[in-house]
Amino acid sequence: MSEANLVLFKNIHIQGQNTLAVAQQQGAYKRMEKALGMSGEEIIQEVKSAGLRGRGGAGFPAGLKWSFIPKDDPRPKYLVCNADEGEPGTCKDRDLMRFDPHLLIEGMIIAGYAVNSKQGYIYIRGEFYREAEVLEAAVAEAYAANLLGKNILGKGVDFDLAVHRGAGAYVCGEESALLNSLEGEKGQPRLKPPFPANVGLYGCPTVINNVETLCAVPAILEKGGAWYSKLGVEKSSGTKLFSVSGHVNKPGNYEVELGIPLKSLINDYAGGVRGGWENLKGVIPGGSSTPVLIPEQCETILMSYEALAGAGSMLGAGSVIVMDKSTCIVKAIARLSKFYRHESCGQCTPCREGTGWLAQIMDRIETGQGREGDIDLLLSVCSNIQGKTICALGDAAAMPVVGAIRHFRDEFEYHVKHGRCMVD
Amino acid sequence: MSEIAPAAKPAFSQEALKKVETIYNRYPADKRQSALLPVLDLAQREFGGWLSRASMDYVAELMGLAPIRVYEVATFYTMYNLKPVGKHHVQVCTNISCWLCGSDGIGEAVKQRLEIEYGQTTEDGNFTLSEVECLGACVNAPMFQINDDYYENLTPETAVKIIDELANKA
């Protein structure tokens, strides 16, 4: 892990890093200057060769996404930073924004230049009010230093950037819902295709990247795509921020290379499981929508996109939620079902009705009112949601339920049969 | 939609109107509706921490939008309060990471201290207590938000202490 902590969190612990003066002492905007001397195509090639994949959860290659923006199109192009961090367990982007906002701004200027965008927006979840203040102050500083605006540093490049606060809707983390929200509408997802690269904000070509993705860009420009691609493992290159929360001794956001063993992440970085490794019950590896892993899997699993998919789960946003043996898995999943019911936008019937069913059935099992056949009913409801909705929120609601029943069916059955938890 | 009407017809101060102009400037001139979320947030701050029907109508008129466009947005997002809230809005996160780390105890301690349940406001109008979904501070769980500020790594004792300090200031 020698070169981890050199990409995203390199300067995060430096006092005053949120100010332009301190950030520039650490080299901020030097990478941008370099980038503005390159062609957009060269930058995209560098990011492609880095193998950088979107850090918001889907893992789509960033350089490839940028290359989808049509070149000879007279419409304005937009760059939107998805800072609507809201998946339970996820809180990494918040640290990047509040402690190193200029890193994000620099990444956005480079990305904007690469795709010929002259206007960027940072869509930040509304609850992050103080973080939005920090970003706005950093944006104002960047404007005053001609790092944003017209003719940046006399290089003939224009790029404007604005911070836009959301208002408390998890679904707005879905990129097309985010665009609707940014246009002043209800944050309901759009049918795709057309994809935002062609029809995005205001019907124009739009790139949407997560905060963490954009923050990785300056280092890639500085040290090269080849250097970045050597970090991590094949197909999952680079470093990743993991938010480790729940029953660990040292919860926190940790930057490590992708492909690190989960056990090492928990033991060597997050201080180990409360009560020792033997006390581990399960780990949700990538945020609330990703299916839970059992201890046998946690012994050997690597934190890469491929390894977690192979284990029937997902890397997601890298949000590792650790549960020790005191946890009632039924109650944990019931809590998540309540969340998805609350956050369904109501547009698609399978999701609107299905998330309500899931929450209701999970709640009655958890409170000892479970009926015979409820577990199969849950699976049936899940199969009627999955793949049948406009966006992935329905899938996100179903996956943790299916995953928990796969591994902990006996606990669900005990709940139904005895009307109480086997953990109590 | 709330039945409670404010005492006077709402209108932005000159200062707030200047802020509205700043907000408009972030978006293309012909895409003014993009400013709706931030302008509603401003209205909530200007008009006592919540959005009455009259406040929404005012925003609609100000922005040249049909009132329904404003209502549907105001009712979609959880951060717009459609009924009055206390001076301090205590929002306790009880989602998974906070729950694993003891948010039940935080909620109970605050309920006991304020003598109200989730969804209620103290009689003096000083505090409203809400249960909310993930606030994105999971590695510093358990936590709550009061107005614009996060309070993290709470214990029942520190949670009550924070409430006491605000109560004494009020």
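Answer with one residue from B:TYR71, B:GLN33, B:ALA16: the one whose Cα lies farthest towards the positive end of the charge dipole of the stretch B:14-76, charges on Cβ with Lys, Arg +1 and Asp, Glu -1.
B:GLN33
State whether the stretch A:9-111 is rounded, prolate or oblate according to the following rule on the C-alpha gyration tensor (a ≥ b ≥ c being the square roots of its eigenvalues): a/c under 1.5 gives rounded; otherwise a/b larger than b/c gives prolate, and the remaining case gives oblate. Intermediate values should be presented prior to the final figure.
Numbers: a/c = 1.99, a/b = 1.28, b/c = 1.56.
The shape class here is oblate.
With just the Cα atoms defining each centre, how far is the stretch A:154-169 from the stretch A:310-366? Give it in Å.
34 Å
At 0.36 nm per residue, minus the direct Cα-Cα distance, what do A:LYS250 and A:THR300 gain on full extension? Give it in nm, one decimal, please.
Values: separation 50, 0.36 × 50 = 18.00 nm, distance 2.10 nm.
My answer for the length gained is 15.9 nm.
Would you please put A:190-201, A:231-242, A:65-76, A:107-118 in order of how densely packed they are, using the mean number of other Cβ atoms within 10 angstrom per residue and starting with the highest? Don't skip to the end; give the middle numbers.
Numbers: A:190-201: 17.2, A:231-242: 22.5, A:65-76: 14.7, A:107-118: 24.3.
Output ranking for A:190-201, A:231-242, A:65-76, A:107-118: A:107-118, A:231-242, A:190-201, A:65-76.
Please report the antiparallel percentage of DSSP beta bridges with both residues in the stretch A:236-324, rounded to the nearest 5.
Numbers: 13 of 17 bridges.
Close to 75 percent.
So for the stretch A:329-418, averaging the separation of alpha carbon pairs under 8 Å that are six or more residues apart and normalising by length, what relative contact order in percent results? Could the numbers behind the result be given before it?
Numbers: 107 pairs, mean separation 33.0, N = 90.
Relative contact order of the stretch A:329-418: 37 percent.
On average, how many beta carbons from a partner chain sit within 10 Å of the beta carbon of a residue in A:161-169? Could the numbers behind the result be given before it?
On the way: counts 1, 6, 2, 7, 4, 5, 13, 9, 4.
Counting other chains' Cβ atoms within 10 Å and averaging over A:161-169 gives 6.
Shielding by partners for A:83-90, please: the mean number of other protein chain Cβ atoms within 10 Å of each residue's Cβ.
On the way: counts 0, 1, 5, 5, 4, 11, 9, 5.
Per residue, the number of nearby Cβ atoms from other chains is 5 on average.
Separation of the stretch B:96-121 and the stretch A:216-231 by C-alpha centroid, Å?
A separation of 45 Å, based on Cα centres.
Other chains near B:138-149: what is the mean number of their Cβ atoms within 10 Å of each residue's Cβ? Mind showing how you got there, number by number?
Numbers: counts 19, 20, 6, 5, 0, 1, 0, 2, 0, 1, 6, 2.
Mean inter-chain Cβ contacts per residue within 10 Å come to 5.
Rounded, prolate or oblate: which one fits the stretch A:55-160, using the alpha carbon gyration tensor with axes a ≥ b ≥ c (rounded when a/c is under 1.5, else prolate when a/b beats b/c, else oblate)?
Working: a/c = 2.31, a/b = 1.21, b/c = 1.91.
Because a/c hits 1.5 or more and a/b fails to exceed b/c, the stretch A:55-160 counts as oblate.
From the Cα gyration tensor of the stretch B:14-76, with a ≥ b ≥ c the square roots of its eigenvalues, which class applies: rounded if a/c is under 1.5, or else prolate if a/b is larger than b/c, or else oblate? Write down the numbers at each step before the final one.
On the way: a/c = 1.84, a/b = 1.19, b/c = 1.55.
It comes out oblate by the Cα gyration axes.
Of the peptides A:250-259, B:16-25, A:282-291, B:124-133, how do they stack up when ordered by the mean number of other Cβ atoms within 10 Å, highest first?
On the way: A:250-259: 21.3, B:16-25: 13.9, A:282-291: 27.4, B:124-133: 18.7.
Top of the packing list down: A:282-291, A:250-259, B:124-133, B:16-25.
If you take every DSSP beta bridge whose two residues both sit in the protein assembly as shown, what share of them, in percent to the nearest 5, is antiparallel? Write down the numbers at each step before the final one.
Numbers: 25 of 52 bridges.
Of the beta bridges lying entirely in the protein assembly as shown, close to 50 percent run antiparallel.
Output the peptides A:205-216, A:348-359, A:327-338 sorted from most to least packed, where packing is the average of other Cβ atoms within 10 Å over each peptide's residues.
On the way: A:205-216: 26.6, A:348-359: 20.3, A:327-338: 23.1.
Descending packing order for the listed peptides: A:205-216, A:327-338, A:348-359.
Every number here is computed from the coordinates shown, using simple stated rules; none is lab data. Note that the structure is a prediction, hence the values are computed from the model and not measured. Please note: Cβ atoms are built from the backbone with ideal geometry, for glycine as well, and neighbour counts cover all protein chains shown.
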